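No value in this document is a laboratory result; all are computed from the given coordinates. Because the structure is predicted, anything quoted here is derived from the model rather than measured. Virtual Cβ from ideal backbone geometry, glycine too; neighbours counted across all protein chains shown.
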Protein chains: 2
Amino acid sequence: QLRDAVAASFGSDELRGLRVLVSAGPTYEDLDPVRFIGNRSSGKMGFAIAAAAVRAGAEVTLVAGPVHLATPAGVARRIDVRSTVQMQAAIYAEAARADIFVSAAAVGDYRPQEVAPHKIKKQAGEALSLALQENPDIIAGLGRQRQHPFLVGFAAETRDVARYARDKLARKGLDMIAANRVGEGLGFDMADNALSLFWADGGLDLPQGPKCELAWQLVQQIAHRYRLTRATGAVAVDSPA
Amino acid sequence: QLRDAVAASFGSDELRGLRVLVSAGPTYEDLDPVRFIGNRSSGKMGFAIAAAAVRAGAEVTLVAGPVHLATPAGVARRIDVRSTVQMQAAIYAEAARADIFVSAAAVGDYRPQEVAPHKIKKQAGEALSLALQENPDIIAGLGRQRQHPFLVGFAAETRDVARYARDKLARKGLDMIAANRVGEGLGFDMADNALSLFWADGGLDLPQGPKCELAWQLVQQIAHRYRLTRATGAVAVDSPA
């Protein structure tokens, strides 16, 4: 009966009526007006997830770090940011009205303690030491809030993927985490990827494939887990009355 | 007479018969498999210079850092690199057969002393200090060689542009330097730019304009200065006999 009620309210448009917030791409942390610390995220996975969520009927807001990608058709709003602090401000402003947040951005963990207002001149023969400070953890911050969207995190790891992913899931209060192994022809800047999904009491490996296909399968799983754990409206229909 | 001889041998194809090597884009220095230190160069200016040199009749080799740009039509060869050390190897291999080298790449001054083989894990609450070492100065290294191409450097500065540019010209043994002011709607990632050219006994300001137009004017000036200082064949025609 629950199943029927859910099917009736969602139809084949699994995310119809839901607001999905997706972050994508890297963040860049400026050292001076010229130099920055970045990471290898191309944004392709996040943009593919935004496109898949549109196909599943959601109203999609996309927050993008510095990428060279066109906005997928049907995305309701795109907000471009550069640094982690800028991304945090955009996400926190949007999260209040989002039902689901998929954090596909590769957020920089650290930023320089100081940003030089002018280009740092090279001092011949001298080594340089760069003092970094921790960036805010955007999704963990949401996970600590009493009310927050269904939270889907990512873990890009070069080893011990499952262990780091399960640890992140619990520590940050996420509803689901998608772990991918980067390097060796997978992950950053590659068209293909492979994802392992984890949630508190289960998990699922998605087969290796193009990012657009993986994104579609991921969105199906997010919709399914969202319905099971968060779709209180649908549950109410099923309650004895 | 010199002027006529030069005009006759070059025609309107100012760089016909010459090999021009152009470097473009940023270099990225990896901290670990995920993170890197980069800079804001888009590569547009270098690619525009390569295209202009092709239009002026040169055989052009383009060495490019990580950029999102298509190779200009007519470029004989493109070599893609990531780090400064990789760029140095490509440039030094090509410079021996080049008549002119235009160093439009924004080469990273520093790289990490160590590159971590696996992703560096964040240690909650801890600051991080990054030890950097100086990168080789590619164009200065060429300037110290007994025989080298006609060397055109770039100086991207946020202040004191002329002073830094003239200092670089002399210190690195360049034939010409093109200085641009970055920031405030100019320079990196912008279509427009403004260049000031300096050589040992003179200089010239090119008016602000689109990078493709500036590149064309720069190539004209390079061809002119090259003829005056390096085209020994043409000078021989003019010698009394």
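With a 10 Å cut-off between alpha carbons and a GNM built on chain B, which of B:Asp13, B:Asp137, B:Asp160 moves the most?
Taking springs between Cα atoms under 10 Å, the residue moving most is B:Asp160.
Measure nothing fancy, just the Cα-based angle from helix A:161-171's long axis to the longest principal axis of chain A, in degrees from 0 to 90, nearest 10.
Computed tilt is about 80 degrees.
Subtracting the Cα-Cα distance from 0.36 nm times the residue separation, let me have the gained length for A:Gln208 to A:Val115 in nm, one decimal.
Details: separation 93, 0.36 × 93 = 33.48 nm, distance 4.05 nm.
Extra length from A:Gln208 to A:Val115 when fully extended: 29.4 nm.
Run through the other copies and list how far each one's label point is from that of A:Asp160, in nm with one decimal, shortest first; the point sits 7 Å from Cα along Cα-Cβ.
Distances to the matching label points in the other copies: 4.7 nm.
Within chain B, what is the longest stretch that has no GluC sites (Glu not before Pro) placed in a DSSP loop and near at most 11 other beta-carbon atoms within 10 Å?
Working: sites that count: B:Glu114, B:Glu126, B:Glu184.
After excluding every exposed loop site, the longest remaining stretch is B:1-113.
7 Å from Cα along Cα→Cβ at both A:Lys122 and A:Ala194: what's the point-to-point distance in nm?
About 4.2 nm separates the two model spin labels.
Tell me the distances, shortest first, between A:Gly203 and the same position across the other copies, using label points 7 Å along Cα→Cβ, in nm to one decimal.
Nearest first, the other copies' label points are 6.3 nm away.
Quick one: of A:Lys119/B:Lys211; A:Lys211/B:Lys211; A:Lys121/B:Lys122; A:Lys44/B:Lys119; A:Lys119/A:Lys172, which pairs are farther than 26 Å apart, Cα to Cα? Numbers along the way, then the final one.
Numbers: A:Lys119/B:Lys211 22 Å; A:Lys211/B:Lys211 35 Å; A:Lys121/B:Lys122 29 Å; A:Lys44/B:Lys119 20 Å; A:Lys119/A:Lys172 37 Å.
Over 26 Å Cα-Cα: A:Lys211/B:Lys211; A:Lys121/B:Lys122; A:Lys119/A:Lys172.
Say each of B:Ala93 and B:Ala76 gets a label point 7 Å from the Cα, pointing the same way as Cα to Cβ; how far apart are those two points in nm?
1.6 nm
Relative to the first principal axis of the alpha-carbon coordinates of chain B, what is the inclination of helix B:211-229, with its axis defined by its Cα atoms, in degrees from 0 to 90 and to the nearest 10?
Relative to chain B, helix B:211-229 is tipped by roughly 50 degrees.
In whole Hz, what ³J(HN,Hα) sequence does segment B:202-209 give by Karplus (6.51, -1.76, 1.60; θ = phi - 60°), x for Gly and Pro?
Karplus values, whole Hz, x for Gly and Pro: x, x, 7, 8, 8, x, 4, x.
Hey, what do the phi angles of segment A:83-88 turn into as Karplus ³J(HN,Hα) couplings, whole Hz, using 6.51/-1.76/1.60 and θ = phi - 60°, x for Gly and Pro?
9, 5, 5, 5, 5, 4
Of B:Ser23, B:Ser103, B:Ser83, which has the largest mean-square fluctuation in a 10 Å C-alpha GNM of chain B?
Of the options given, B:Ser83 has the highest mean-square fluctuation.
At a 10 Å Cβ-Cβ cut-off, how would you order B:Ile138, B:Ile120, fewest neighbours first? Walk me through the numbers before you get to the answer.
Details: B:Ile138 26, B:Ile120 15.
Going from sparsest to densest Cβ surroundings: B:Ile120, B:Ile138.
Please average, across the residues of A:29-41, the number of beta carbons from any other chain that are within 10 Å of each residue's own beta carbon, and give a whole number.
Details: counts 2, 1, 4, 2, 11, 15, 10, 6, 7, 9, 8, 7, 1.
Counting other chains' Cβ atoms within 10 Å and averaging over A:29-41 gives 6.
If the only charges are +1 at each Lys and Arg Cβ and -1 at each Asp and Glu Cβ, what is the size of the charge dipole of the protein assembly as shown around the Cα centre, to the nearest 20 debye? Walk me through the numbers before you get to the answer.
On the way: 56 positive and 52 negative charges, 14 e Å.
Roughly 60 debye, rounded to the nearest 20.
P(r) tail for the protein assembly as shown, what percent of Cα pairs lie past 43 Å?
28 percent
Which of these, B:Gly108, B:Gly17, B:Gly153, has the largest mean-square fluctuation under a Gaussian network model of chain B (Cα springs below 10 Å)?
B:Gly17
Please report, in debye to the nearest 20, how large the charge dipole of segment B:11-153 is about its Cα centre when each Lys and Arg carries +1 at its beta carbon and each Asp and Glu carries -1 there. Spell out each step's value before the answer.
Numbers: 16 positive and 14 negative charges, 48 e Å.
About 240 debye.
Please turn the phi angles of segment A:129-134 into ³J(HN,Hα) values with the Karplus equation 6.51 cos²θ - 1.76 cosθ + 1.60 (θ = phi - 60°), one per residue in order, whole Hz, x for glycine and proline.
10, 10, 8, 10, 10, 5
Please list the non-local residues whose amide H lies under 5 Å from the amide H of B:Tyr110, H modeled 1.01 Å from N, same-chain partners needing a gap of 5 or more.
Excluding prolines and chain starts, which carry no amide H, the hits are B:Asn135.
Testing the spin-label approximation: label points 7 Å from Cα along Cα→Cβ at B:Ala162 and B:Arg146. State their distance in nm.
It is 3.8 nm.
Placing a label point 7 Å from Cα toward Cβ, how far apart in nm is B:Arg230 from its equivalents in the other copies, listed shortest first to one decimal?
From this label point to the equivalent ones elsewhere in the assembly: 6.1 nm.
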